[in-house]
């Protein structure tokens, strides 16, 4: 039990660094960069999309080359941490774009191999232990969001934020450095092998890719949207930790589902919840509307990843790493288009109405893709 918990919390920390800090620390720091450094919305969209491009490159690289897990995890942790830290030492957009590209590549490698590490090293994988693994991004988002919301009124600048979270990522990496060397368990795939997939791989890739576009727009610009529509700058930073807390709650809910419950049906529910959350932000631009919308969007952000990766293990129980890489590549392709399109449209139209409508349409298409089933699953 101690062995499995050590593996679960180590994999959770890998995902915390990869996504909670390495990728999404940009979201709570974006308003600060706008205020302190004059970063425009379109430039912010380019920074987010460049990071997502790096994520796509990293995912494609992991699908082409078979990499050593221990070296990839350790190297990825260092690269993601240092790329985050270095943003605080520059004021040039070109340097920021390069650093976010590098951080995205490292994050993709960490997500793919971090998930594979957590699922293959456990002696007795259970839904609760797997939930610990997938709670990592939510923990990182909530923690980083709370820290930004608390420290900003005390005078923290955008530069100090980047440097501070880079150091925090390095410290978290040091805590799990030795655990990452543990070998995989020979019987770890047995748990997944007994459970059939409920649909084909192509529809899973389609759904995940569409959700990548749909969820990344609120996940990138939520504090900015809240600040603009509510005219309450003091509250805008608190929507991000609320999003992360909802993400952790979603992981707990998925962990309580019966193992035989259709992952495609649960994934369809995630598409619906995300669509409702985006719709609330559009139709009810009030404090209540944004709180409910944030909860509906955040509660599915990590369960989507958990459900998709569990379905990937059911499709390829012996070695899911390649399918995970393809799924991650499709997801990141949607994430590249989302911030770039949303930032450009919002700056030209002075509103996030159309970007949110496009995100909502993507959720509905993902819901349709979830309806594809194998004949045996019907």
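Where a number appears in this text, it was derived from the coordinates with a stated rule and is not lab data. Model, not experiment: these values are computed from the prediction. Here the Cβ is made from the backbone with ideal geometry for all residues, glycine too, and neighbour counts use every protein chain on show.
For the reader, a short list of remarks on this structure follows.
- Computed over the chain: relative contact order in percent, which uses C-alpha pairs under 8 Å that are six or more apart: 28
- Alpha-carbon centroids, region 43-85 and region 320-345: separation in whole Å: 13
- Projected onto their three principal axes, the Cα atoms of region 1-74 cover extents of 49, 31, 14 Å, largest first.
- For region 252-378, the C-alpha radius of gyration divided by 2.2 N^0.38 Å, with N the number of residues, is 1.17.
- Exposure proxy shown here: for 159, 100, 2, 152, the number of other Cβ atoms within 10 Å sets the order, fewest to most, as 2, 159, 152, 100.
- Convex hull per residue volume in Å³, alpha carbons only, for region 24-165: 111
- Relative contact order [Cα under 8 Å, 6+ residues apart], region 31-158, whole percent: 33
- log10 of Debye I(q)/I(0), alpha-carbon scatterers only, for region 2-370 at 0.11, 0.14, 0.15 Å⁻¹: -0.66, -1.12, -1.30
- Percentage relative contact order, region 246-378, counting C-alpha pairs under 8 Å, at least six apart: 33
- Over the chain: helical MRE at 222 nm, DSSP H runs n ≥ 4 each giving -39500 (n - 2.57), nearest 500: -26500 deg cm²/dmol
- Using the Cα coordinates of region 261-329, the gyration tensor eigenvalues translate into equivalent-ellipsoid semi-axes of 31, 11, 8 Å, sorted from longest to shortest.
- C-alpha center-to-center spacing [region 215-249, region 121-159] in angstrom: 15
- Neighbour counts of other Cβ atoms within 10 Å put 295, 171 in the fewest-to-most order 171, 295.
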